[in-house]
Amino acid sequence: MISPARQVAFDVLEKVSRGGYASDLLLERSAPLDSRDAGLASEIVFGCLRYQAQLDDLIGRLAARPLDPEVRIALRMGIYQLRYLDRIPAHAAVGESVELVKRAQKPSAAGLVNAVLRKVNRLPVAWPDRATELSMPRWLLDRWDRQYGAETAGRIAAAFLEPPEKYVASTGRMQDIGAQSIVPSLDLHAGQSFLDLCAAPGNKTAQALEYGVRAVACDVHLSRLKQMRGLACDRVVLDGTRELPFRTGFDRILVDAPCSGTGTLGRNPEIKWRLKPADLAGLHSKQVALLRRALACLCPGGRLVYSTCSLEPEENQQVLDAVGGQWQTTMRLPGLDEGDGFFIAVTQSPNR
């Protein structure tokens, strides 16, 4: 027998390895589970993703041969439970990991999984390097060292090994405390026209509506805008990198741009194993296009806020440099500031 929690955790991790997102998959797959099993499934999934570099280092010490992806996932799950969790019976962590590889049609690996997991202990480990100790891709940790200094970079990476705090916004929605700090930068007032160019899933639009603005919420995906049905605003499906269809300007505009998400690696740890250095150039180009289109729709005397949940200069200051203008900027860094990491930039259109 395999517990429902471990079945769900394995299936989610397998889908994450093929491009899925853990939070979305857990929300879908955990629905039939009771709260205890759902909590364990979530703990295993996010723990394996946060500590993946450490887990793979331990696997490499204990299993010399190349491993199929399903076998590696089962070993990560087993080691995580044995080394990092309390109150998990060893026989359950080992036995069910063995059963998981059999269920994945890899019965020949059952003996290896059993043998490897029986060697696992909770003794201190001398990790081979700092990147493994902080469970970070070396290239990303190196660039944070250059950008923020080694001490700050280490604090950021260490913060991402911890489960993120949960916060509830004034709207009643779950929303990170850093994300909640963006809308106040718009200086909203009742009756103003407000454009949220990259609005879904609608947390910041909901915040803005509390000020009494007349809001238009946009997104490139209709399916995501449908999640905003309960909000009292117009919704428009559009590609914000192209000329916008609005005949009149807006008093306030928010461009909460799609980004790498490197400020949210505690919440979305799969990103750190998926992101590649070359991805940043494409994101930069899209962000520059979004910001230019938005600025063209800003009324005289209006205010625009550009924000990302990225820690990378290509997506932040370098976007502002490409667009030009005068900006006031704020950076929130995990490990130093509460919540996820965010870049927030504010500009004011001159009165004509």
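Among the protein heavy atoms of the chain, carbon and sulfur supply 49% of the accessible surface, probe 1.4 Å, non-protein parts ignored. Judged by the gyration tensor of its Cα atoms, with axes a ≥ b ≥ c, region 269-352 is oblate; a/c meets the 1.5 cut and b/c is at least as large as a/b. With R₀ set to 22 Å, the beta-carbon distance separating residue 146 from residue 285 gives a calculated FRET efficiency near 0.45. A probe of 1.4 angstrom, applied to the heavy atoms of all protein chains, finds residue 37 with accessible area near 40 square angstrom.
Remark on the chain: Rg and Dmax equal 22.6, 76 Å (Cα only). Normalised by the residues of the chain, what does the relative contact order come to in percent, with Cα pairs under 8 Å and at least six apart? With pairs under 8 Å counted, the relative contact order is 14 percent.
For region 290-329, the solvent-accessible area of protein heavy atoms averages 39 Å² per residue (probe radius 1.4 Å; ligands and nucleic acids excluded). In the full protein context, region 54-160 carries 50 Å² of accessible surface per residue, based on a 1.4 Å probe and ignoring ligands, DNA and RNA. For region 191-316, dividing the convex hull volume of the Cα atoms by the residue count gives 113 Å³ per residue.
Looking at region 180-247, the DSSP beta bridges with both ends there are about 0 percent antiparallel. Of 91, 284, the order by accessible heavy-atom surface (1.4 Å probe, DNA, RNA and ligands excluded), from most exposed downward, is 91, 284. Annotation: the antiparallel percentage among DSSP beta bridges lying fully within the chain is about 40.
The values are calculated or read from the model by the stated rules, or taken from the named source; none is laboratory data. Quick caveat, the model's predicted, so the values are computed rather than measured. Note that we place each Cβ from the backbone using ideal geometry, even for glycine, and neighbour counts take in every protein chain shown. With ligands, DNA and RNA removed, areas are computed over all heavy atoms of the protein, side chains included. Shrake-Rupley method; radii C 1.70, N 1.55, O 1.52, S 1.80 Å.
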